[in-house]
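This report concerns only the one structure given below.
Just so you know, all these numbers are worked out from the coordinates, no wet-lab data involved. All of these numbers come straight from a predicted model, not from anything done at the bench.
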Amino acid sequence: MPQEELKKSLASLHQELASSPSVDPELRELLVRLAEDIDDVLHPAAPPPEEENNADESLVDRVKHAAEHFEESHPQLAALIGRMADSLSQLGI
């Protein structure tokens, strides 16, 4: 179930980014990269090697950091990103 929620949140993030011109270009790029990283986790081309577990942990940290950054300026976006971080954590990523 968390994986389906994460997919829905990821789709919502793409939609929110497309419709929100007030997001700083640098932050927009950060969110796009995070979305791509999450998509890679959801649809891996090959099983990740053991050493990539640290990269997954940093992915969750980066998602949480992005949510914190948007809390004041874009609360809906922050809530969406926070849900994504929760879903990643529930998946053990």
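One table, with the values for the structure above:
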| item | result |
| --- | --- |
| Chain lengthening between Arg28 and Leu42 when straightened (0.36 nm per residue, less Cα-Cα) | 2.9 nm |
| Backbone HN-Hα couplings from phi across the range 21-33 [Karplus 6.51/-1.76/1.60, Hz, Gly and Pro as x] | x, 7, 6, 3, x, 5, 5, 4, 4, 4, 5, 5, 5 |
